[in-house]
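Here the structure comes first, spelled out in structure tokens, and everything after it is commentary.
The values are calculated or read from the model by the stated rules, or taken from the named source; none is laboratory data. Predicted, not measured: the structure shown is a model, and the values here were computed from it. Reconstructed Cβ throughout: ideal geometry from the backbone, glycine too, with neighbour counts over all protein chains shown. Each accessible area value is taken on the protein alone, full model and side chains, heavy atoms only, with ligands, DNA and RNA left out. Shrake-Rupley method; radii C 1.70, N 1.55, O 1.52, S 1.80 Å.
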Amino acid sequence: MKIAEIADKLGLEVVNEGQWEREAKCCYASDMLSDVLANGGEGCLWITRQSHPNIVAVAAIRGMAGIIITGGKQISPDTIEKAGQEQVMIFSTPKQTCELAGMLYMLLSNEVERG
Amino acid sequence: MRIYWADLHIHTCLSPCAELDMTPKGIIKRAAAKGLDMIAVTDHNSAGNLSAALGCAAGGTVAVIPGMEITSAEEVHILALFETIDAAAEMQRQLYDGGDFPPDAGHKAFGTEQVIVNVADEILGFEPRLLAGASSKGLEDIIGAVHALGGLAIASHSDRESFSVLSQLGFFPEDAMFDAIEVTGKKPDTLLPARFPRLHSSDAHSPDMIGRKKTGFMMEAPTFRELAMAIKGEGGRGIRG
Ligand SMILES: [Zn+2]
Ligand SMILES: [Zn+2]
């Protein structure tokens with residue numbers, strides 16, 4: 001499913017613009033960046049409460065489709081600036097990780113079932 | 001100048017995960033027996049037992065540096081060392097200001113009581129705040145606050161599997177303002193920026209752990225100012241093992 005469609009359906013707020021046309025194939029939820037660095041899948045949307053600038057590099061290294069920061073957290077200008085440089089899409093949502101992960105998982109798996 | 005041996009990361013019975021026999025008096029006795037010249041008392045997010053620790057150390061052979069192990073919003077542990085208890089107390093005030101570490105948050109779920117004691121090991125009270133929690137301030141903000149109070153900011157167990165810069169942030173941010181990093185040797189040293197001085201400390205939570213790891217500092221005297229100079233490599237001071 002295209003990122004634009006996902007953002008629309010989940011009501012995500014855009015923090016940093018990027019490749020709207022890109023397909024998100026999967027999702028990954030984790031707040032430990034060492035874990036995401038090891039296991040984050042290419043083309044996945046990554047759900048986290050972390051907002052440290054390092055999230056941008058981790059997402060870029062793993063070729064992830066974008067980052068969704070949960071819990072309505074304030075995101076520092078440093079993180080947004082890095083995301084601009086690396087062209088990594090960042091979204092924000094007031095929803096908590098579990099709820100958002102459930103919604104995103106349903107969206108992506110329904111699409112797989114429909115073929 | 002000579003080498004002073006220091007263990008700069010020791011928890012008292014105030015830390016939720018430390019054993020109850022980690023009283024300031026007991027810690028200093030043990031540190032002296034292990035031949036340490038200097039220790040830092042670094043409870044999780046609290047300065048509550050520092051006055052007892054400094055009181056116990058007065059007139060003895062072991063110098064005590066007032067410290068604290070602060071948990072950042074990223075859940076990175078940061079050792080903050082200060083020249084005075086007042087600076088540590090001010091750091092604590094800033095940590096609690098704004099609603100972080102609220103009182104009565106069910107701290108007993110983490111095991112032992114968080115005990116505040118006096119110089120004679122008598123119980124003064126129990127800390128009701130959940131010291132195992134985290135600040136809402138990010139890593140850089142906390143390092144900035146420590147420096148503003150004249151303190152040293154050290155990345156705790158920076159190469160460990162949990163609550164470390166590497167575990168929480170994936171890799172070491174190039175621009176991090178740490179004065180030094182504590183290493184455990186669990187990961188290749190190449191993952192850690194070469195520019196940071198390396199320290200070894202025990203992170204003792206029980207008496208037998210005190211002094212198991214230590215760092216030698218070449219300096220004039222076991223004081224905070226000399227330690228800061230040694231960590232920064234100033235005036236002929238330095239780290240020697
Ligand atoms: Zn720690
Ligand atoms: Zn510790």
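List of remarks:
- Selection count, segment A:1-36, where residues are open to solvent by 50 Å² or more (accessible area, probe 1.4 Å) and under 30 Å from B:ARG160 (Cα atoms): 4
- Restricting segment B:48-74 to residues that are in a loop (DSSP other than H, G, I, E, B), buried (at least 23 other Cβ atoms within 10 Å of the Cβ) and within 16 Å of ligand 1 (Cβ to nearest atom), the residue that is farthest from the other protein chains (Cβ to nearest Cβ) is B:SER72.
- For segment B:176-232, the candidate set comprises residues that are in contact with a Leu (Cβ under 7 Å, 6 or more places away or on another chain) and of a type in the set (Lys, Arg); within that set, the residue that is surrounded by the fewest Cβ atoms within 10 Å (Cβ to Cβ) is B:LYS187.
- Annotation: of all residues in segment B:75-91 being within 14 Å of chain A (Cβ to nearest Cβ) and assigned to a loop (DSSP other than H, G, I, E, B), the one that is most open to solvent (accessible area, probe 1.4 Å) is B:GLU75.
- Picking from residues in segment B:6-24 that are within 16 Å of ligand 1 (Cβ to nearest atom) and under 20 Å from B:GLY151 (Cβ atoms), the one that is surrounded by the most Cβ atoms within 10 Å (Cβ to Cβ) is B:ILE10.
- Residue among B:SER156, B:SER164 that is within 14 Å of chain A (Cβ to nearest Cβ), within 16 Å of ligand 1 (Cβ to nearest atom), open to solvent by less than 30 Å² (accessible area, probe 1.4 Å) and within 15 Å of B:HIS9 (Cα to Cα): B:SER164
- For B:ASP43, the conditions (1) away from ligand 2 (no atom under 16 Å from the Cβ); (2) open to solvent by less than 20 Å² (accessible area, probe 1.4 Å); (3) part of a strand (DSSP E or B) are fulfilled apart from (1).
- All positions within segment A:59-98 that are surrounded by fewer than 23 Cβ atoms within 10 Å (Cβ to Cβ), small (Gly, Ala, Ser) and without any contact (Cβ under 8 Å) to a residue 60 or more places away in the chain: A:ALA60, A:GLY63, A:GLY71, A:GLY72, A:SER76
- Comparison of B:ILE3, B:ILE27 shows that the only residue that is more than 13 Å from ligand 2 (Cβ to nearest atom) and open to solvent by less than 50 Å² (accessible area, probe 1.4 Å) is B:ILE27.
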